[in-house]
Amino acid sequence: MNKLLLLFCVILSFPGYVIASSPPDTEAKISTEEANKNLIVYLLAPFTTEPIKNHYRENLPWQLEQGQITNTKMIYTTKGLDFIVQLKVQPFVGAHDPLGTDLFTFKIKDGKIILEKYEYLDSFPVRLYLKQYYPNPKPSY
């Protein structure tokens, strides 16, 4: 019993045993501009799921950190402000192997997010070892 307790204490005290790269609930050390960009991407992300699924015939993820805001416009209206935001993402399979590049154009009007346009810009081949899991992730047009 003492040996088991000693082993447990040694394992707990080992300084190189790290589970996460950073503790949960820690504040990221990034600029306000970068934080604002990440916030916009985060808020638009749910509106990309259905078009990606319809296009690739798979429910594919993409990395929030890799989403690019390519263009923003602020439009003054009689009711207030509208925004046009373009978001570029790369859906991937496996260990982040991109299948393509997609561009979404959103209109933010009266507090609502509307997908104005979805464009498929580029494609990449599926790696051979992934083809058995993703036999046909091609555009469905």
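Couple of notes before you dig in:
- Every pair of residues 6+ apart whose Cβ atoms lie under 7 Å, when the first sits in segment 120-141 and is modelled with pLDDT of 75 or more while the second is surrounded by 11 or more Cβ atoms within 10 Å (Cβ to Cβ) and among the aliphatic types (A, V, I, L, M): Leu121/Leu103; Ser123/Leu99; Phe124/Leu99; Val126/Val93; Val126/Leu99; Leu130/Val93
- Looking across segment 44-80, the residues that are within 16 Å of the chain's Cα centre (by Cα) and among the β-branched types (Val, Ile, Thr) come down to Thr48, Thr49, Ile52, Ile69, Thr70.
- Residue in segment 105-122 that is touching a Ser or Thr at 6+ places or on another chain (Cβ under 9 Å), more than 30 Å from Ile75 (Cβ to Cβ) and not β-branched (Val, Ile, Thr) present: no
- Residue in segment 83-106 that is more than 19 Å from Pro61 (Cβ to Cβ), over 14 Å from the mean Cα position of the chain (by Cα) and part of a loop (DSSP other than H, G, I, E, B) present: no
- Residue in segment 45-67 that is in a strand (DSSP E or B), on the phi < 0 side of the Ramachandran plot and either of a type outside the set (Ser, Thr, Tyr) or surrounded by 12 or more Cβ atoms within 10 Å (Cβ to Cβ) (or both) present: no
- Restricting segment 107-131 to residues that are in a loop (DSSP other than H, G, I, E, B) and over 19 Å from the mean Cα position of the chain (by Cα) leaves a set whose member that is farthest from Lys37 (Cα to Cα) is Lys131.
The values are calculated or read from the model by the stated rules, or taken from the named source; none is laboratory data. None of these values were measured; they are calculated from a predicted model. Cβ: placed from backbone, ideal geometry, glycine included. Neighbour counts: every protein chain shown.
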